[in-house]
Amino acid sequence: MILQGKRVALPSAPVVHKQFEAHAKATPDAVAVHCAGRELTYAELNARANRFAHFLTARGHGPGTKVGICLGYSIDILVAILGTLKAGAAYVPLDPAYPEARLRLLLGQTPDLALIVASPATAGSVASAAVEVVDLEQWADRLAELPASDPDIAVTGDDVCYAVFTSGSTGTPKLTAVRHEGWFNLLNWLMLEYGLHPGSDNLVVSAFGFDLSQRSLMMPLFCGATQYLMASRNFDAALAYRMLTRHEIRTVHCASSTLYLLVDWEIARGGDALSRLDYVLFGGEPLHVERIADWARRPGNTCTLLHQYGVAECTDVASSYDLADYRPGEHEIAPVGRPAYNTDLHLLDERMRGVGVGEYGEICIAGTSVGAGYLGGTGPESERFTTIVVDGAPCRLYRTGDRGYVTEAGELVVVGRTDAQVKVRGMRIDPTDIERALGRLAGVRQAAVVVRYTDSGDAELIAFIVPTGDELAENDVRARLLETLPRNMVPAGFVNIPHIPLSPHGKVDRAALVEAYRNRYADSGTTA
């Protein structure tokens, strides 16, 4: 089964920052970025980025090099990103929200890093790096002496524009590289397909290290709009909602769990700032429709919810679905829709053969979206980038490890991970299936299911539940689950918690849940 995206011609040099430069020439006085009360116009941001690009090239950090960026959200983060791209180099996000130990691990997995851009507040986090650390504020006088003109550096669609870390199936950080052509294609698709324009101002709500954040940072600059940044290292729902209320923000890109928090915040306060957005583009983890259904159906809600699917190895987003078309009775799981421009989705069996409509298969991504691969990677994950023969011609694709099927209407549905299944009492189980069943129970606001291993090495499932009101009795939840699930899929333990912890990327932090469970019962010696 192959879902084919619309074929759309790209420029001869599909380079993202050239689109920004065109806006800087056409609308130099338009506001490009707003952060903590400060603003820069397109002309001002372009000039500052150009000076940084000249700074890099003067040091020999041009095409083919990698520049680390360890900054909190600020105007300088856009200067560093754009300047790196203009120099022909690729940037690597080093999220300052990460613990220093995690950053040391990431630095050890980054081959051939040229230098790192940091600030006084973040420089200590990357002090272990064996390369120069540059503070743009300290270099301000020197940078001001450099040319403000666009550097004359040839950049092609095949060149790498950024590389982000993804843990992959082994749990070891891998640096996966994205090409300019793939990034340009993604942003061009979003702009044309959804009519984004110079008024489509955006608010960034996800952490810098997240692959989703790269398109969120660049999307408004690609279409000539204003980028709003929160001066906060971690996601702050209260601050985000205040900014949505005060400014003419039209779009937000986020993980599903972040959307739940924003929806809860709006419902609790009786606001409508989220409801009045043009788009929320979200995904990255299984969707629990019940968390947002009542809010989405409220009178006056004009926000279009785009449920999207993709992976970091293939420029973040490969497909999209308007949730307004979702009918719970037609399929249990909300689809993730149809492919992006110049992108194909293959559903393949274990022998890499296509499956039919409605049949389960591994989701594989082909076309312009496929990235350049893992930098310095030689392990089993690199084998996920492979080539098959389609209609007599070689086709390079990425095996995502996700399971899904295609509906009769031609929409992709993702059902889980091929590598997330665990054996419990001899049966293979996907924890997301249990989370969906829990989400349908009265009194359950949200649920997350994790796997822990007993002292004897046996796997067991633990469910963490956020109740809508009073705590739920474990025996009651278990009895109700047994009405819809086989006994081997019912968790061994149930824990009521006030909220589900999120990682810096805005996704469910399952490792934190396992640790919390371990700590909860460590003192008593109980294994629940």
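Details
- With respect to (1) surrounded by fewer than 19 Cβ atoms within 10 Å (Cβ to Cβ); (2) modelled with pLDDT under 95, the lone exception for LYS25 is condition (2).
- Helices (runs of 4 or more DSSP H) contained in the range 411-528 and holding at least 3 residues modelled with pLDDT under 90 and open to solvent by less than 40 Å² (accessible area, probe 1.4 Å): 431-439, 510-522
- Filter pass, ALA273 being touching an Asp or Glu at 6+ places or on another chain (Cβ under 8 Å) and either surrounded by fewer than 23 Cβ atoms within 10 Å (Cβ to Cβ) or assigned to a helix (DSSP H, G or I) (or both): yes
- Single match in ASP322, ASP391 (criterion: open to solvent by 20 Å² or more (accessible area, probe 1.4 Å) and at pLDDT 95 or above): ASP322
- Scanning the range 327-376 for residues that are at positive phi and either part of a loop (DSSP other than H, G, I, E, B) or open to solvent by 20 Å² or more (accessible area, probe 1.4 Å) (or both) returns ASN342, MET352, GLY358, GLY367, GLY376.
- A count restricted to the range 206-223 and to residues that are at pLDDT below 95 and within 13 Å of LEU281 (Cα to Cα) stands at 3.
- Some residue of the range 41-56 being surrounded by fewer than 17 Cβ atoms within 10 Å (Cβ to Cβ), out of contact with any Lys or Arg (no Cβ under 9 Å at 6 or more places or on another chain) and not in a strand (DSSP E or B): no
- Hey, LEU274 at pLDDT 95 or above, of a type in the set (A, V, I, L, M), within 27 Å of PRO339 (Cα to Cα) and in contact with a strand residue (DSSP E or B) (Cβ under 9 Å, 6 or more places away or on another chain) or not: yes
- Test: residue in the range 4-25 that is assigned to a strand (DSSP E or B), closer than 17 Å to LEU82 by Cα and out of contact with any Lys or Arg (no Cβ under 7 Å at 6 or more places or on another chain): no
- Breaking point among (1) within 23 Å of LEU375 (Cα to Cα); (2) touching a residue at least 60 places away in the same chain (Cβ under 8 Å); (3) outside any helix (DSSP H, G or I), for TYR73: (1)
- The set of residues from the range 121-169 being open to solvent by less than 60 Å² (accessible area, probe 1.4 Å) and more than 29 Å from the chain's Cα centre (by Cα) comprises TRP139, ALA140, LEU143, LEU146, ALA148, ASP150, PRO151, ILE153.
- The range 84-102: number of residues that are free of Cβ contacts under 8 Å to residues at least 40 places away in the same chain and surrounded by fewer than 24 Cβ atoms within 10 Å (Cβ to Cβ): 4
- Condition met for ALA129 (outside any loop (DSSP other than H, G, I, E, B), closer than 25 Å to GLY64 by Cβ and in contact (Cβ under 8 Å) with a residue 12 or more places away in the chain): no
- Taken as a whole, the structure places ALA36 among residues that are among the aliphatic types (A, V, I, L, M), closer than 19 Å to ASP135 by Cβ and open to solvent by 50 Å² or more (accessible area, probe 1.4 Å).
- Residue, modelled with the lowest pLDDT, within the range 164-197, restricted to residues that are in contact with a Gly (Cβ under 8 Å, 6 or more places away or on another chain) and closer than 17 Å to SER213 by Cβ: PHE165
- Boolean, LEU244 is open to solvent by 10 Å² or more (accessible area, probe 1.4 Å) and in a helix (DSSP H, G or I): no
The values are calculated or read from the model by the stated rules, or taken from the named source; none is laboratory data. Just so it is clear, the structure is predicted and the values come from calculations on it, not from any experiment. Cβ: placed from backbone, ideal geometry, glycine included. Neighbour counts: every protein chain shown. Side chains are part of the model used for accessible areas, which takes the heavy atoms of the whole protein and leaves out ligands, DNA and RNA. Shrake-Rupley method; radii C 1.70, N 1.55, O 1.52, S 1.80 Å.
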